[in-house]
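A.B. asks: One structure coming up, written as structure tokens, with questions to follow.
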Amino acid sequence: MRNAGQSLKPHLTIVPPMNERLLSASICLLLLTSMAPTVAAMGPSDSVIWGISYDWGNYENDIEELTGIDTNAVNEDLEEAADYAGFLLESDQVVSGMTQFFIESWDDDDAVEITDANGDTHEVTKRMTELTIRHGNLGDSGFTAAWTDENESIDIWMSASVEQLFVIDAMYTEYVDDELMVYGGDLDMSGEFSLESNMEFNLQVIAADEVLAPGLGMGFSVSFEIPSITSEWRADEPLDYLHHLGEEPADDSDDSDDSNDNNSDVYWVDAARCEWEGDDWDGDTRWYCDYDNDGYFDDWWFYCELDEYDNWWYCTDDFGQSEEYEFSEGNTEHLNRTEDGGSGGGEYHSGLVEGDFSTITGYSMMLSIEGIPAEEFDINLDVFNVQLSDSIPGQGTFSEDMTVFSGAMWDWECPPVGGVENVDIDPSSNETVSAQCGLAPPISMGMASMMGISMMMAFDSGVQELFSAIEEQVGAWLEEIAPEEDTFVCDNGEEIPAEWENDGEIDCDDGSDENESGGDGTYTCDNGQVIPASWVNDGEEDCEDGSDEDGSEDVFQKYIDMFEALNNSNLQKTMEAFGEKLEELIEDNDPSEPLANLDDMCPIMFWDTSNSRVLGMALMATDGGEDYEVLLGPEILGVKQHSYELSVQYLTGQDARDAKLDILGIIELRDLAPDSKHDVEELYDILGEDFLPDLDQTDTDGDGVIDYFDQDDDGDGMFDWEDPDPLSPPEPVEDESTGNSVPGLGIIATISLLGAAMLIPRRDE
């Protein structure tokens with residue numbers, strides 16, 4: 001736990017299961033805030049930049065805006081249903097943090113020379129792409145419940161926490177000639193990924209005049225830091241994948257052959273399963289395909305081919321419907337065109353990517369158990385109270401074959417957007433661009449391939465080292481907690497399991513393991529009396545000296561009695577009443593029609609065909625009816641914008657530059673998710689001091705609120721927990737122009753708030 005003055009670490013609670021609508025909304029918000037990759041510098045003022053920013057502190061409000069479901073009202077329903085059923089239940093959850101990512105790209109027209117994989121020199125220019133991700137998230141929840149009958153009671157207390165951090169900065173330089181043929185690229189990146197989760201659980205059961213009060217604490221964290229990755233790629237030959245991303249598809253909407261089978265117009269569609277169906281209703285022979293592998297055919301095509309490399313079907317109407325293509329899996333039309341760089345994009349075997357990396361991989365694990373009558377069960381509880389951790393630095397080099405995949409789904413249907421649209425990509429300049437709409441990668445595929453290989457090499461190395469450390473530490477711990485197997489030593493020195501002694505079967509070669517019962521299923525009491533072996537420890541003394549009962553049966557009987565007492569109480573009726581009342585209350589909080597139909601969400605990318613780069617993206621959904629609206633993205637002429645009050649922002653142009661500049665230096669969790677925006681006061685009220693047992697309980701002004709949760713007792717703009725003197729009013733500030741005037745209160749408040757947010761040292765410092 002934390003000492004007073006340390007930063008507030010999030011805790012978490014059990015909350016009711018999400019219904020489908022709430023789950024859809026959650027997925028939607030995750031999509032809104034995690035649609036793309038990363039960066040950490042600033043490009044020129046005329047660069048193309050776009051990104052997304054989200055404040056997780058408004059998550060619950062956004063869920064209500066999108067679905068009409070009030071999560072706070074759900075908690076209130078839980079409490080009301082519990083009160084109706086006759087027991088106490090309180091719960092709350094707090095989520096805070098920030099997610100931001102930006103993609104910025106521009107051209108450097110200064111000519112440079114590079115040497116390709118074959119040793120040839122080429123004059124090229126640079127295409128720059130910066131990717132920046134900042135994600136920090138805290139989750140706290142708490143849960144308490146108390147039920148009592150006349151003689152029985154159950155008290156439950158639980159808190160949990162989750163911390164997430166995801167930071168990446170990447171700079172990619174792609175080398176191209178005047179015709180946008182790609183000759184290679186360079187990548188510099190760094191990043192950090194961490195996840196920490198903690199839970200504390202306490203239970204007290206009183207029944208049958210017995211008390212059982214177990215407590216459980218669990219914690220786990222894993223982190224993967226990449227201080228640096230530097231990699232270089234030079235293509236074996238110039239590649240044209242940038243051309244393919246911008247090419248419009250062939251017009252196959254009429255499902256007919258365009259009678260032009262050259263390399264430039266073949267347009268492929270992929271499917272999970274295709275079958276040749278012979279004559280259709282109109283007498284034509286066709287391939288029928290199941291795109292999502294649900295067992296039903298979705299569409300038909302004139303030509304389909306099974307790719308032996310990925311076991312996927314590829315179809316086109318470009319070759320007509322001829323019987324020679326009935327067994328098209330034996331043909332190579334798709335394979336030849338994609339490997340040669342066909343217009344629909346394809347797979348380029350493009351040479352080696354080489355580089356070096358440094359990593360720091362770490363983990364920690366904590367387990368604590370108390371309140372269990374371990375001595376009654378002959379268990380050493382100490383071995384279950386353990387803390388394991390390790391941090392392993394690593395470095396290495398790599399050289400791997402790189403494959404670049406190129407392609408875009410320009411036939412992607414995302415109504416009402418399709419084809420070419422006029423998109424407002426920079427509101428500050430009112431710049432509207434004509435953009436091709438479809439699904440395309442948000443960054444150059446060269447960059448995506450380099451990042452994938454480079455991170456995989458670094459991650460693989462770090463994880464292998466980490467797994468070795470975990471295996472060693474956890475293995476040693478498991479050996480420690482493993483119960484030692486009791487043995488019986490026969491008279492001849494032979495060893496057998498102890499439980500085989502006097503089991504009615506001779507296991508020692510000399511028969512010495514049946515020394516008391518004689519091997520006939522009997523037991524010899526300490527006084528020499530002989531009784532059936534099955535009578536031993538049956539809860540009834542059969543030996544006159546009581547030696548057949550060692551008391552082990554009494555251990556279990558106590559808990560059997562407790563269970564029976566609870567079963568005979570009103571606990572079951574209480575839970576039935578709770579469930580019935582909760583079902584009734586929840587129905588009122590689940591609107592019959594969602595405000596936004598999240599099941600119809602679809603994404604779209606905007607591609608600048610003249611410059612071969614992505615200009616941005618949009619996420620659309622229906623408004624509860626049949627009309628689509630832009631849920632996230634730029635203004636699209638002729639398409640309705642949503643009217644919800646959401647905390648997610650789609651940023652372009654100068655707005656994106658300003659937001660990106662604000663976060664470039666932020667890499668710590670407490671900067672992305674500051675304690676001052678993570679209000680756990682209500683959780684503290686629910687869970688009590690055990691929620692933060694080491695927190696200073698001082699209430700300086702005596703208002704009943706400890707200093708930690710007081711906002712500003714003396715009005716100086718500083719929270720009490722960061723104010724060295726929380727009862728002293730602010731010092732008057734002299735105006736230098738007059739010598740003795742004081743700035744207006746608005747100015748003081750502004751300066752104070754800026755100081756609290758930016759200049760005052762954080763609690764964890």
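A.B. asks: Sort 700-706, 445-451 by packing, meaning the average of other beta carbons within 10 Å per residue, with the highest value first.
C.D. replies: 445-451, 700-706
A.B. asks: 7 Å from Cα along Cα→Cβ at both GLU499 and ASN385: what's the point-to-point distance in nm?
C.D. replies: Label at GLU499, label at ASN385, 2.9 nm between them.
A.B. asks: I'd like the Karplus ³J(HN,Hα) series for the stretch 566-576: coefficients 6.51, -1.76, 1.60, θ = phi - 60°, whole numbers in Hz, and an x wherever there's a Gly or Pro.
C.D. replies: Here the 3J(HN,Hα) series is 5, 5, 8, 8, 8, 4, 4, 4, 4, 5, 5 Hz.
A.B. asks: Sticking with this one: Could you give me the ³J(HN,Hα) list for the stretch 207-214, computed from phi with Karplus coefficients 6.51, -1.76, 1.60 and θ = phi - 60°, whole Hz, x at Gly and Pro?
C.D. replies: Whole-Hz 3J(HN,Hα) from phi for the stretch 207-214: 7, 6, 6, 10, 10, 10, 9, x.
A.B. asks: Could you list TRP233, TRP412 so that the one with the fewest beta carbons within 10 Å of its beta carbon is first and the one with the most is last?
C.D. replies: Values: TRP233 28, TRP412 17.
Fewest to most other Cβ atoms nearby, the residues stand as TRP412, TRP233.
A.B. asks: With θ taken as phi - 60° and the coefficients 6.51, -1.76 and 1.60, list the Karplus ³J(HN,Hα) couplings across the stretch 595-603 in order, rounded to whole Hz; mark glycine and proline as x.
C.D. replies: 5, 10, 8, 6, 5, 9, 4, 8, x
A.B. asks: So how far apart, in nm, are the two label points at ASP658 and THR700 if each is 7 Å from Cα heading toward Cβ?
C.D. replies: With each label point 7 Å from Cα toward Cβ, the separation is 3.5 nm.
A.B. asks: So, R0 is 35 Å and r is the distance between the beta-carbons of THR230 and ILE470; what FRET efficiency does that work out to, to 0.05? Each step should come with its number before you reach the end.
C.D. replies: Values: r = 29 Å, r/R0 = 0.82.
Here the calculated transfer efficiency is 0.75.
A.B. asks: Separate question: Can you sort GLU587, GLU104, GLU549 by how many other beta carbons sit within 10 Å, fewest first? Could you put the intermediate results ahead of the total?
C.D. replies: On the way: GLU587 10, GLU104 22, GLU549 17.
Least crowded to most crowded, the residues run GLU587, GLU549, GLU104.
A.B. asks: In 10 Å bins starting at 0, how do the alpha-carbon pair distances of the stretch 94-190 split up by percent?
C.D. replies: Computed distribution, short to long bins: 12, 25, 17, 13, 11, 8, 7, 5, 2, 0.
A.B. asks: Using a Förster distance of 30 Å, how high is the FRET efficiency between ASP600 and ILE156, based on the Cβ-Cβ distance and rounded to 0.05?
C.D. replies: Working from the Cβ atoms, E equals 0.15.
A.B. asks: Hey, another quick one. Counting Lys +1, Arg +1, Asp -1, Glu -1, what net charge surrounds ASP294 among other residues with beta carbon under 15 Å of its beta carbon?
C.D. replies: Neighbourhood net charge equals -4.
A.B. asks: While we're here: Can you tell me the length gained on complete extension of the stretch MET218 to VAL112, counting 0.36 nm per residue apart and subtracting the Cα distance?
C.D. replies: Here the answer is 32.5 nm.
A.B. asks: Now for a different question. Along the principal axes of its C-alpha atoms, what lengths does the stretch 487-588 span, in descending order and rounded to whole Å?
C.D. replies: Rounded to whole Å, the extents work out to 77, 32, 17 Å.
A.B. asks: Can you compute the charge dipole magnitude of the stretch 95-184 about its Cα centre, using +1 on each Lys and Arg Cβ and -1 on each Asp and Glu Cβ, nothing else charged? Give it in debye, rounded to the nearest 20.
C.D. replies: 420
A.B. asks: Going by how many other Cβ atoms sit within 10 Å of their own, how do ASP209, ASP299 line up, fewest first?
C.D. replies: Numbers: ASP209 11, ASP299 15.
Final ranking by Cβ density, sparse to dense: ASP209, ASP299.
A.B. asks: Now a separate question. Would you please give the residues with an amide H less than 5 Å from that of THR700, counting only those at least 5 places away or on a separate chain, with H modeled from the backbone geometry?
C.D. replies: ASP707
Quick note: the coordinates plus some simple rules give every number you see, no bench work behind them. Here the structure is a predicted model, which is why all the values come from computation and not from measurement. Neighbour counts run over all protein chains shown; Cβ positions are idealised from the backbone, glycine included.
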